[in-house]
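Following: one structure in structure tokens, then a few remarks.
The values are calculated or read from the model by the stated rules, or taken from the named source; none is laboratory data. The structure presented is a predicted model; accordingly, all values stated were derived computationally and were not measured. Glycine also receives a Cβ, built like all others from the backbone with ideal geometry; neighbour counts cover every protein chain displayed. Ligands, DNA and RNA are stripped out before the accessible areas are found, and what is left, the full protein with its side chains, is counted by its heavy atoms. Shrake-Rupley method; radii C 1.70, N 1.55, O 1.52, S 1.80 Å.
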Amino acid sequence: SRTLMIVRAGVDKAQGILEAGRRLGLKREEIAVIGDDRNDLTCFKTFENSFCMASAEPEIRDEARWMVESVAEALAIVQRENKQRS
């Protein structure tokens, strides 16, 4: 692996984002996540609006809904999706 992550055992990024969203009054479908590593996999499975950076490993890219080159590209997709829902 090219990344070393040091976190407390049992830490789940998706659960943390869900809790932050709850505190902010957001619904799950109003949250978008962007990631590029194994610790993002639960986020990709939890949130419909999931983005993976194009530089991620193939097994990571396979789990996200969209693959993007930049955060700006992800934001443009979110805006487009929001317009289509309106």
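Within the range 46-86, the percentage of alpha carbon pairs spaced more than 12 angstrom apart rounds to 58%. Extension gain for SER86 to ARG38 (0.36 nm times residue separation, less C-alpha to C-alpha distance): 13.9 nm. With protein chains left intact and a 1.4 Å probe, residues in the chain average 71 Å² of accessible area per residue.
Protection proxy ranking of 22-33, 53-64, by the mean of other Cβ atoms within 10 Å over each peptide's residues and highest first, is 53-64, 22-33.
Could you put ASP40, ASP12 in order of accessible surface area, largest first, with the 1.4 Å probe and the full protein assembly present?
Greatest to least solvent exposure: ASP12, ASP40.
Dipole of the chain computed with +1 at Lys/Arg Cβ and -1 at Asp/Glu Cβ about the Cα centre; of LEU75, GLN15, ALA64, farthest Cα towards the positive end is GLN15.
Helix-derived [θ] at 222 nm for the chain: sum -39500 (n - 2.57) over DSSP H runs of at least 4, divide by residue count, nearest 500? Rounded to the nearest 500, it is -12500 deg cm²/dmol.
The charge dipole of the chain, taken about the Cα centre with unit charges on the Cβ atoms of Lys, Arg (+1) and Asp, Glu (-1), comes to about 360 debye, rounded to the nearest 20.
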